[in-house]
Every structure is written in structure tokens, then in C-alpha cells.
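Written out below as C-alpha cells is the structure these notes cover.
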Amino acid sequence: MSGGLILAMVLAVGIGISLGLLGGGGTILAVPLLTYVAGMPPKEAIAASMFIIGVTSAVSVVAHARRGNVQWRTGFLFGAAAMVGAFGGGLLGSRLPSVVLMVAFGVMMVATALAMILDRRAQAAAGPRKKLPLAKILLEGLVVGLVTGMVGAGGGFLVVPALVLLGGLAMPAAVGTSLLIISMKSFTGLAGYLTSVSIDWGPVLMITGITVIGALIGTAFGKHVPEKALKKAFGYLVLAMGIVVFFQELPLIVGLGAGAVILALLGTLLYRQRRVQLAS
């Protein structure tokens with residue numbers, strides 16, 4: 001067993017904890033972990049991450065369901081649309097150049113991190129909850145599934161706000177229901193990738209087992225941890241890893257430029273947010 005695989009197994013605990021606590025974020029870390037730590041090729045890493053997150057999310061759903069935090073009808077409805085999109089995204093992603101996939105993944109990491117740091121999900125939950133027509137809910141699921149299926153992200157930090165705004169769910173129910181949706185579309189995205197990508201199942205199954213343990217820990221301690229503080233800390237970690245992806249995949253000068261632009265943007269947004277808070 002290589003040192004990289006051992007380290008990946010240790011770090012996989014954090015991926016599981018993220019899923020159990022926040023209902024998402026696992027694949028945002030899983031793909032870079034499998035690529036840069038475990039040494040998998042990017043497309044294999046994306047496909048493997050879908051299996052790992054799919055299994056882990058399915059196990060976590062059971063724990064959340066025992067607390068009454070899973071809205072099955074809403075989850076299956078949104079998830080069905082997301083599954084269609086995820087399969088198409090997996091088919092498309094398996095045929096794109098690896099560098100394009102990883103840069104796209106880096107962009108998604110940065111966007112997700114900024115939303116977490118700026119606490120967009122909390123702001124969305126505090127706003128009015130409007131129930132939109134069924135067609136719009138299905139379209140939202142289709143789009144989320146397509147994007148996340150292509151770049152390998154589970155989409156929890158896209159699904160949870162959609163459930164709060166479109167389905168009118170409370171945050172605990174949105175977190176539990178998002179895990180059901182993530183599991184459904186992760187497996188269909190995986191099916192799309194397996195049409196042209198092979199997976200070394202031995203290491204993947206070991207990492208999956210560790211991730212499941214982390215998810216159970218996260219679920220058990222979720223109600224004791226301040227979500228806002230945890231989400232921001234996790235957001236900064238995701239932002240740092242997104243910048244690392246740019247450094248790995250792009251020429252040095254381009255990577256440095258991208259990192260500088262991202263940090264400048266973050267500073268500007270935080271400054272504006274602080275001014276709004278002081279003025280209110």
C-alpha cells in the first residue's frame with residue numbers, strides 16, 4: 001500500500017464528516033484527494049468519487065431518516081431529474097480532456113467556497129420560501145445534475161439551497177434530503193463515466209469504508225456543532241484547494257494570476273458584506 005493511498009484514507013474521514021454535517025461538500029474534496037494524493041488519473045478520480053459519495057450519502061440518509069429529516073417525496077422528485085442530468089453530464093465529462101475537467105472543477109470549488117464563506121445558504125434560508133411550479137423544480141434538478149455529473153461534484157451545496165427555496169424545507173430536512181438526491185445522481189453519473197472509464201476498485205472500496213465512518217461521526221455530532229462556523233472554515237479549505245487545482249493544471253503564471261484574482265474578489269466581497277452589516 002503506497003504512502004499516498006494511506007494518506008488519502010486518513011483524509012477521507014474529513015470528507016465523510018463534511019457530508020454528515022452539512023449534507024454536501026464531500027466530492028469537492030474527494031476529486032483533488034484522489035487525484036493529487038492517491039495518484040489516480042483525473043477521469044478515474046471523478047468516477048471513483050461518485051461511487052464513494054454515492055455509497056456514503058446512502059448510508060447517511062438512513063441516520064438522518066431516523067431523525068425525521070428526509071422528505072422522501074421531494075427528494076425522489078428532485079433526484080429523478082438530477083439523475084437524468086447526471087448521466088448526461090457523466091457521458092459528456094468522460095469524453096472531455098482531463099485538464100478541462102479539472103479546471104472546471106477548480107472553478108466550481110471556488111464558487112462553492114465563496115458561497116460558503118459569505119454564508120449565502122444561511123441568507124437564502126432566511127428569505128421568503130416560494131414554492132415554484134413542478135416544471136421549474138424538475139429543471140433545477142436537471143441543471144444541477146448535468147453540471148455536477150460532468151465535473152464529479154456531488155452538488156450538496158447546490159442542492160440544499162434549492163430545497164430550501166424551491167421546496168420550502170427547513171435546514172435539517174434540506175440536509176437530510178440532499179443526501180438522498182446526491183446518492184441517486186452520484187450513481188447515475190458513475191454509470192455515465194463507466195461507459196469509457198475503468199476504476200481500480202480495491203483502493204476505492206477501502207476509501208469508501210473510511211468515508212462512511214466519517215459520515216456517521218458527522219451525522220452523530222451534527223446537532224452539537226455550530227454550522228455557520230464550520231461552513232466558513234470548510235469554505236476556506238475548499239477555496240485553498242481550488243487554487244491548488246489551478247496551480248497544478250495551468251501554467252505557473254496563469255495559476256498565480258488566477259489565485260490573485262480569487263483572493264482579491266474574496267476580499268472585496270467580504271468588505272462589502274461587512275459594510276452592509278454595519279449599515280443595517
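FYI, it's all coordinate maths here, none of it is from the lab. Everything quoted here is computed from the prediction, not taken from an experiment. Note that each Cβ is placed from the backbone with ideal geometry, even for glycine, and that neighbours are counted across all protein chains shown.
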* To do: May I ask for the longest run of the chain untouched by trypsin sites (Lys or Arg not before Pro) that are loop-located per DSSP and have at most 16 neighbouring C-beta atoms (other than their own) within 10 Å?
  => 132-280
* Structure fact -> Over the chain, the sum of -39500 (n - 2.57) across DSSP H runs of at least four, divided by residue number and rounded to 500 deg cm²/dmol, gives at 222 nm -27500 deg cm²/dmol
* Asked: So what J values fall out for segment 246-258 if you push phi through Karplus, 6.51 cos²θ - 1.76 cosθ + 1.60 with θ = phi - 60°, rounded to Hz, Gly and Pro as x?
  -> 4, 5, 6, 9, 10, x, 3, 5, 5, x, 5, x, 4
* To do: Using only C-alpha atoms and all pairs of different ones, pull out the Kirkwood radius for the chain in Å with one decimal.
  => 18.6 Å
* Return the distance in nm (one decimal) between the two label points of a simple spin-label model at Val261 and Ala229, each offset 7 Å from Cα along Cα→Cβ. => 3.6 nm
